[in-house]
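The values are calculated or read from the model by the stated rules, or taken from the named source; none is laboratory data. As the structure is a computational prediction, the values presented were derived from the model and not from experiment. FYI the Cβ positions are ideal-geometry reconstructions off the backbone, even for glycines, and counts take in every protein chain you see. Side chains are part of the model used for accessible areas, which takes the heavy atoms of the whole protein and leaves out ligands, DNA and RNA. Shrake-Rupley method; radii C 1.70, N 1.55, O 1.52, S 1.80 Å.
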Amino acid sequence: MERKFNDQETNRRNKLKKLVEKGKDPFKNTKWIRNYNSLTFKEEFGKFTKEELHENKTEVILAGRIMAVRQTFAVVKDFFGTAQIYLNKKTISPEIWETFNEDLDIGDIVGLKGTPMKTNTGEVTLNVVELVILTKSLKVLPEKFHGLVNEEERSRQRYVDLIVNEQSLQTFATRSRIASVWRNYLTNEMGFFEVDTPVLQPIYGGASAKPFTTHMNALHRDFFLRVAPELPLKKLIVGGFEKVFEFSRNFRNEGIDSTHNPEFTGFELYWAYVSLDEIMDITEKLFKITAEALNKPVYNFRGFQIDLSKPFRRISMVDIIKEATNGEVDFNNVKSDAEAVELAKKHGIELANHQNVTGHIITLFFEKYGEEKCIQPTFVHTYPAEVSPLTKKNPNNPKFTDRFELFIGGKEFGNAYSELNDPIDQLERFEDQMKEKELGADESWASEIDMDFVNALEYGLPPTGGLGIGFDRFCMLFTENDSIRNVLLFPHMKDEK
């Protein structure tokens, strides 16, 4: 394949050729053992005066990427930050001086040895005695002051984004740290087990979503990429586990927008012998321990200042609709489906054929009026049975279920149930979904009947609370990003034109 290079790229390739001819092929280097990184180097020697460091002969070995060069100084970047280096022509070998001045480019990865010093401005600096080019950068980094600012280019070339945008690097470091905080709390403090369930599933279920399909040659059959791990996780509770959770890669063949990506990381948790109240408590706890770990209680999300230090609000779906409509719409007083349909018409809510029932209409009213009112963390609970096929019905009103969703900044962050464990009821609800499919319900709503899951329930699922959280959206909040692209290392994107 013929490639065209600009002048700078050609110059870098010529420098590489020169290094190879001198027996210094940088791509043959296999390791460089460091005894400091940029952060520990500055912390260790920052406490000394310039005069004290002049007498300090500690050998410091660093490595990193050259980010700037200014005469005899340069800046080297590693994961932990940046460090300044200095080369004195009078005290280093001609070979090292030549490497620095003739062979080196911004972007190259170097190994360095030297001693600590301080400049006249008090900056801790490495006085270099040895410099080795460990990797030659054949591409030119984006210009320092403008960087890689185009959102699409940042997502397409995440590796460049991480090099030149420190905030981006910290976003993904924070994401990893959040997962560690959760794992530590759940396993070490709460006694949960982290498990793995299959990505390839013969029947998709556990969420209302369109699946991706694939084919397994070994078994000569089609499979679905999971839309959620819910059903396998509940089978583990049947089998005797009492506390399980999973960080799962899920796939939903749907749209892409600022808070949705077809491939995403979900988090689900199941806890036997507890009610929805305990699930609300542990959900709120996950948010609060994350805020504590990051030492920050208030976050900017979608233009709202979200305060995680206060108790989360708890309100039923019917009550928040009533509140949002200033008391005009109160489904506590709606006695029939026909009355609910008339309310929908009056408020301009269009209904599909399968939505001419009160439960669906309540949900549509909430989506239109209620969601936007949930700015500060709000648990919206008591969902209609029609939109909660895997949820236990409320013992006081079987038209509703023991379910909640957590909303922040007008966006849903979590979904939780008192899990339906009646196999007879479960099968009937699966069958009702099939009827809705016949009436025109989208396939994302009405999946096939999973008889193996029904079979598992017939062995006995204890009373169980379950929780699902979109981990990517959670990370958006805690890194103050309004686009899901910015918390996905490699988001899916359209082909470049």
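A few remarks follow.
- Only one of the numbered conditions (1) over 30 Å from Asp78 (Cα atoms); (2) open to solvent by 30 Å² or more (accessible area, probe 1.4 Å) is not met by Ala228, and that is (2).
- Counting the residues of the range 58-84 that are aromatic (Phe, Trp, Tyr), free of Cβ contacts under 8 Å to residues at least 60 places away in the same chain and over 16 Å from Met117 (Cβ atoms) gives 1.
- Members of the range 347-365 that are in contact (Cβ under 8 Å) with a residue 40 or more places away in the chain, in a helix (DSSP H, G or I) and under 20 Å from Asp432 (Cα atoms): Asn353, His354, Thr358, Gly359, Ile362, Thr363
- Residue list for the range 463-472, filter: over 13 Å from Glu230 (Cβ atoms) and in contact with a helix residue (DSSP H, G or I) (Cβ under 7 Å, 6 or more places away or on another chain): Asp472
- Total residues in the range 10-35, condition under 35 Å from the mean Cα position of the chain (by Cα) and assigned to a helix (DSSP H, G or I): 1
- Residue in the range 249-259 that is touching a strand residue (DSSP E or B) at 6+ places or on another chain (Cβ under 7 Å), closer than 21 Å to Asn455 by Cβ and of a type in the set (Lys, Arg) present: no
- Residues satisfying the stated conditions in the range 279-320, i.e. β-branched (Val, Ile, Thr), crowded, with 18+ Cβ neighbours inside 10 Å and within 24 Å of Glu372 (Cβ to Cβ): Thr283, Ile306, Ile315, Val318, Ile320
- Within the range 321-359, the only residue that satisfies the criterion of being among the charged types (D, E, K, R) and open to solvent by less than 40 Å² (accessible area, probe 1.4 Å) is Asp330.
- Within the range 131-148, being open to solvent by 60 Å² or more (accessible area, probe 1.4 Å), modelled with pLDDT of 75 or more and either outside any loop (DSSP other than H, G, I, E, B) or of a type in the set (Lys, Arg) (or both) holds for one residue alone: Lys139.
- The range 36-49, residues that are part of a loop (DSSP other than H, G, I, E, B) and either loosely packed, with under 13 Cβ neighbours inside 10 Å or not small (Gly, Ala, Ser) (or both): Tyr36, Asn37, Lys47, Phe48, Thr49
Table: residues versus (1) at pLDDT below 95; (2) of a type in the set (S, T, N, Q); (3) under 10 Å from Met317 (Cα atoms); (4) in contact with an Asp or Glu (Cβ under 6 Å, 6 or more places away or on another chain).
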| position | (1), (2), (3), (4) |
| --- | --- |
| Lys346 | yes, no, no, no |
| Leu351 | yes, no, no, no |
| Gln355 | yes, yes, no, no |
| Ile361 | no, no, no, no |
| Phe365 | no, no, yes, no |
| Thr378 | no, yes, no, no |
| Ser388 | yes, yes, no, no |
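- Count of residues meeting criterion [hydrophobic (A, V, I, L, M, F, W, C), open to solvent by 20 Å² or more (accessible area, probe 1.4 Å) and in a helix (DSSP H, G or I)] in the range 52-75: 0
- Of all residues in the range 176-211, those satisfying the criterion of being at pLDDT 95 or above, open to solvent by 60 Å² or more (accessible area, probe 1.4 Å) and of a type outside the set (Lys, Arg) are Ser176, Ser180, Asn184, Asn188, Glu189, Phe193, Glu194, Asp196, Pro198, Leu200.
- Residue match in the range 214-230 (condition: in contact (Cβ under 8 Å) with a residue 60 or more places away in the chain and either farther than 27 Å from Gly410 by Cβ or part of a strand (DSSP E or B) (or both)): no
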